[in-house]
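The values are calculated or read from the model by the stated rules, or taken from the named source; none is laboratory data. All of these numbers come straight from a predicted model, not from anything done at the bench. Cβ atoms come from the backbone with ideal geometry, glycine included; neighbour counts cover every protein chain shown. Side chains included, ligands, DNA and RNA excluded: accessible areas come from the protein's heavy atoms. Shrake-Rupley method; radii C 1.70, N 1.55, O 1.52, S 1.80 Å.
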Amino acid sequence: MESPATAEKRSSRRLLFDRRYGWVVDEWKDPTEEALAGGRGMFCVVPLGKTLFQTASQSINSTVKLLDLKLQKWAKSDAQPKF
């Protein structure tokens, strides 16, 4: 059995013979990295959750900015003397 250090040094690409396609170069990818990257079009909760969180954060930030502007305008209109 190989040590983890030797396994990491080994190339992730290899030449394979496939009956349908002949000789092909196969590239092995770490499943955890592929899942986090949303690779191969598979459903993955991590990227979806990240996007949902970012979208919610942006909408909350824009709402807070809008409310802040409204409150500033309201405070300025109250501070001005009315004749």
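Restricted to segment 7-31, and to residues there that are open to solvent by 70 Å² or more (accessible area, probe 1.4 Å) and in a helix (DSSP H, G or I), the residue that is modelled with the highest pLDDT is 31. Tell me, which residue of segment 32-75 that is modelled with pLDDT under 75 and exposed (fewer than 10 other Cβ atoms within 10 Å of the Cβ) is farthest from residue 17 (Cα to Cα)? Among residues in segment 32-75 that are modelled with pLDDT under 75 and exposed (fewer than 10 other Cβ atoms within 10 Å of the Cβ), the one farthest from residue 17 (Cα to Cα) is 43.
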